[in-house]
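For reference, the structure discussed in these notes is given below.
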Amino acid sequence: MIFEKIALEKVDSTNTVAQSHIRGDLDHAIVVVADEQSAGRGRLGRTWASPKGNLYCSLLLPPTDDCTVDPRLSFVAANAVYETVSGFVEERAAVSIKWPNDILIHGKKVSGILLEAVNKDNKIFTIAGVGINVVSETVERVPPEIAANVTALHLHGPQSTTRDEVLDSFLKRFDSWYARYRNDGFGPIRKFWNSHCNTIDEKVEIPSRKLEGISKGINDKGQLVLETQHGRIAVDSDEIRLSSQ
């Protein structure tokens, strides 16, 4: 895949900038990377702390023949980020994936992914926004109530690791996983994601739906499968947490 890089100093959101580059004849991927974000977006309307030194980037993918949004691309990106993070930490086994696409180190969030889609002229353009905490100052910039759940690469590996090294690694790994997805389908993506998910066979809760069950990983549609007292159900993008019972 060809990546056209657009490097900026400070933006409101790299996803917003990426959206401005949508055009009908786009035949390659555009990567928007910024030193800082003033309004970085996370899932469910959350903000993303954006001190200098971290990776803030968005991939604008060219449209495919499909005319619908493909949520499974979120897992393609998650696998790529998982491998990227694993390459910069001392304990690879400490890295895991939390549904649907957060990457954790020792149970603390180091990366998040926001997948957005834009329909323009009956073509679906997908934007994958990726944030990876590199510098330890990240933990100091988040609200105190969540600081204990956030971490950064420098706290688990060489402090010489730079944002650009992380970006280069991510793009190589995304290119590899995206090609695998296009050539071999979702099977390999699903298998890898499930093998590194931190809640497989764990009892979890979905607070928004007042559901509880045993997590069985994702199915071929990218839905999370839960074994509940009423049988198996599949959910799309709800937040989960480990059950207290």
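Readers should treat all values here as calculations from the given coordinates under stated rules, not as data from a laboratory. From a predicted model like this one, the values you see are computed outputs, not experimental measurements. Glycine gets a Cβ as well: all are built from the backbone with ideal geometry, and neighbour counts include every protein chain shown.
So if I place +1 on the C-beta of Lys and Arg and -1 on the C-beta of Asp and Glu, and nothing else carries charge, what would the dipole magnitude of the chain be about its Cα centre? I want it in debye, nearest 20.
Working: 29 positive and 33 negative charges, 86 e Å.
Rounded to the nearest 20 debye, it is 420 debye.
Sequence gap at least 6, Cα distance under 8 Å: using those rules, report the relative contact order of region 3-196 to the nearest whole percent. Show your work: numbers first, answer last.
Values: 376 pairs, mean separation 41.8, N = 194.
Contact order relative to length: 22 percent.
Between Asn183 and Ile146, what length comes free when the chain is fully extended (0.36 nm per residue of separation minus the Cα-Cα distance, one decimal in nm)?
Values: separation 37, 0.36 × 37 = 13.32 nm, distance 3.99 nm.
Value of the extension gain: 9.3 nm.
For the chain, the mean projected area of the C-alpha convex hull, equal to one quarter of the hull surface, is 13.2 nm².
What residues from region 9-40 fall in the zone where the backbone N is under 14 Å from a label point 7 Å along the Cα-to-C-beta line of Asp121? So the set is 21-28. Among 193-204, 13-24, 220-231, 99-110, the peptide with the highest mean count of other Cβ atoms within 10 Å heads the list, and the full ranking is 99-110, 13-24, 193-204, 220-231.
Decide, for region 130-203, between rounded, prolate and oblate: order the square roots of the alpha carbon gyration tensor eigenvalues as a ≥ b ≥ c, take rounded if a/c falls under 1.5, and otherwise choose prolate if a/b is larger than b/c, else oblate. Each step should come with its number before you reach the end.
On the way: a/c = 2.94, a/b = 1.43, b/c = 2.06.
Taking the square roots of the gyration eigenvalues as a ≥ b ≥ c, region 130-203 is oblate.
For region 192-204, the Karplus equation 6.51 cos²θ - 1.76 cosθ + 1.60, evaluated at θ = phi - 60°, returns couplings of 5, 4, 4, 6, 10, 6, 8, 10, 4, 6, 9, 7, 10 Hz by residue, with Gly and Pro reported as x. Here's the picture: a label point sits 7 Å out from the Cα of Leu211 along the beta-carbon direction, and within region 47-78 nothing has its amide nitrogen under 11 Å of it.
Sorted by average packing, counted as other Cβ atoms within 10 angstrom per residue and highest first, what order do 134-141, 60-67 take? Don't jump to the answer; show the numbers that get you there.
Numbers: 134-141: 18.5, 60-67: 15.6.
My ranking of the peptides, most packed first, is 134-141, 60-67.
Between Thr228 and His21, the contour length at 0.36 nm per residue exceeds the alpha carbon distance by 70.1 nm.
Please report Arg92, Arg180 as a ranked list, fewest other C-beta atoms within 10 angstrom at the top and most at the bottom.
Numbers: Arg92 12, Arg180 17.
Neighbour counts put them in this order, fewest first: Arg92, Arg180.
Filter Lys123/Lys221; Lys5/Lys120; Lys5/Lys123; Lys108/Lys216 down to the pairs with a C-alpha to C-alpha distance above 28 Å, please. Show your work: numbers first, answer last.
Working: Lys123/Lys221 21 Å; Lys5/Lys120 22 Å; Lys5/Lys123 22 Å; Lys108/Lys216 22 Å.
Violating the 28 Å Cα-Cα cut-off are zero pairs.
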